[in-house]
1. Testing A403 on (1) touching a residue at least 60 places away in the same chain (Cβ under 8 Å); (2) in a helix (DSSP H, G or I); (3) more than 25 Å from T109 (Cα to Cα); (4) not charged (D, E, K, R), one condition comes back false. Which one is that?
2. Of the numbered conditions (1) touching a Leu at 6+ places or on another chain (Cβ under 7 Å); (2) at pLDDT below 95; (3) surrounded by fewer than 20 Cβ atoms within 10 Å (Cβ to Cβ), E135 fails exactly one; give the number of that condition.
3. Where in region 14-93 are the helices (runs of 4 or more DSSP H), entirely inside, with at least 1 residues that are in the same structural domain as Q113 (by TED's automatic domain parsing)?
4. For region 149-172: of the residues being farther than 12 Å from T130 by Cβ and under 19 Å from the mean Cα position of the chain (by Cα), which is modelled with the lowest pLDDT?
5. Could you list, in sequence order, all residues of region 146-201 that are in a loop (DSSP other than H, G, I, E, B), surrounded by 19 or more Cβ atoms within 10 Å (Cβ to Cβ) and not small (G, A, S)?
6. Check region 105-122 and report whether any residue there is surrounded by fewer than 24 Cβ atoms within 10 Å (Cβ to Cβ) and farther than 22 Å from A255 by Cα.
7. Quick one: is E61 among the acidic types (D, E) and over 20 Å from the mean Cα position of the chain (by Cα)?
8. Within region 268-286, identify whether any single residue is within 18 Å of the chain's Cα centre (by Cα), under 29 Å from R142 (Cβ atoms) and assigned to a loop (DSSP other than H, G, I, E, B), and answer yes or no.
Amino acid sequence: MMNRGYYGKFGGAFIPEILFATIEELVEGFLDARNSPGFWKEYTDIMSTYSCRPTPLTFAENLTKHFGGARIYIKREDLNHTGAHKLNNVMGQGLLVKRMGKTRVIAETGAGQHGVATATMAAKFGFRCTIYMGEVDVARQRPNVFWMERLGAQVIPVKDGARILKDAINEAFRDWVTNMDDTHYVLGTACGPHPFPEMVSYFQSIIGKEAQRQIVEREGKFPARVYACVGGGSNALGIFSGFLNDPVQLVGVEAGGKGLDTSRHASRLASKDASIGVAQGYKTYFLQDEDGQMKETHSVAAGLDYVGVSPILACLREEGRVRFEAASDREVLEALSLTVKKEGLIPALESAHAFAQAFKEVSDLSADDNILINQSGRGDKDIFTIADAFTDPDWQEFIKKKAKDYRA
């Protein structure tokens, strides 16, 4: 499917000439590491001792009884160190940075989980670290900003554009162009110029390798469907990779926001609002106007409001291998609330998109079937957004009191 960074007609490396040597160095470094007999073992060893791999598979007994239909299993990426699947990618890239002799890492982040993971990796390996984050996301993901700074990272709020993830990516690329000799850009999702989509998917494939083995051991067969939320696409490609060659329906769930009949969403592959274009170093579907200018997006989940999508997922959609749907903000909050009350699990708002779509469909399947949902992250980072959405008066009073105490 992949030919020098192309997946069908998507992908590539549309980069300024000044970045060519750096990208070639990264391609060679990644291919050398991937072909090294001991590299994957080095990677899985550090993930098993520093993180929580393999992450468990949880049978959602109460949700299964609630809906009827297929048995519901949840892949627990929220139990990874730093609370999301993001550490899988950054620790792998950190090992590459060591091999290449770089001393500084930079990253973009939306929901903040990738930023925390990158700052954690930098602390572990002793790299200097700068994180770019849209000003809007800084405000709604303040707990993650706090931890990034405690971990020693410099967090730079991006005030250009819509001040969200796409704008943070632009700033990170600007930094990289001027600091190529000692700096590696730890891109957080399976987007951007080659080799990033392939490289990020490679490290995230650890999710799918584990999940395929675990579900077959538990159920004696493959799941009927696998659900994952889709922003850029790294957690989805991670879990989907374990089932691409199996008779399993793969379902990617995008941010439906206020509804696909409005302009307030971030659905590229489940809506008709996106078109093929080139931006941020690669070719894929973008939410853009007729002049190629990127539109503003919306999602209750900061990590899903990206304007583009992985070229690998775009190819898989066109091949008919992955089905894409969209879940609205309202559906996501309802799914999160139900999961918390029924199972005592708190999925991130991003992950709750996958839960929302699975809940719509699970009752239509047989009790002999099973489905698998990727809980890509935990929801404690979203406490401000969730409390605001549910209009919790006690929480509001607590925040007011804290603010008054700080002013005093």
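The values are calculated or read from the model by the stated rules, or taken from the named source; none is laboratory data. Small disclaimer: the values here were computed from a predicted structure and weren't measured. Neighbour counts are summed over all protein chains in view; Cβ atoms, including those assigned to glycine, are modelled from backbone coordinates with ideal geometry.
1. That leaves (1) as the condition not met.
2. Every listed condition holds for E135 apart from (1).
3. Values: elements: 20-34, 39-50, 61-67.
Qualifying helices (runs of 4 or more DSSP H): 20-34, 39-50.
4. L165
5. Going residue by residue through region 146-201, those that are in a loop (DSSP other than H, G, I, E, B) are 151-153, 159-164, 179-182, 186-195.
With surrounded by 19 or more Cβ atoms within 10 Å (Cβ to Cβ) added as a condition, the list becomes 151, 153, 164, 186-195.
Listed by number, the residues that qualify are L151, I164, V186, L187, T189, C191, P193, H194, P195.
6. We begin by selecting, within region 105-122, every residue surrounded by fewer than 24 Cβ atoms within 10 Å (Cβ to Cβ); these are none.
Among the residues of region 105-122, not one is surrounded by fewer than 24 Cβ atoms within 10 Å (Cβ to Cβ) and farther than 22 Å from A255 by Cα, which makes the answer no.
7. Details: among the acidic types (D, E): yes; over 20 Å from the mean Cα position of the chain (by Cα): yes.
Against the criterion (among the acidic types (D, E) and over 20 Å from the mean Cα position of the chain (by Cα)), E61 qualifies.
8. Yes: one or more hits.
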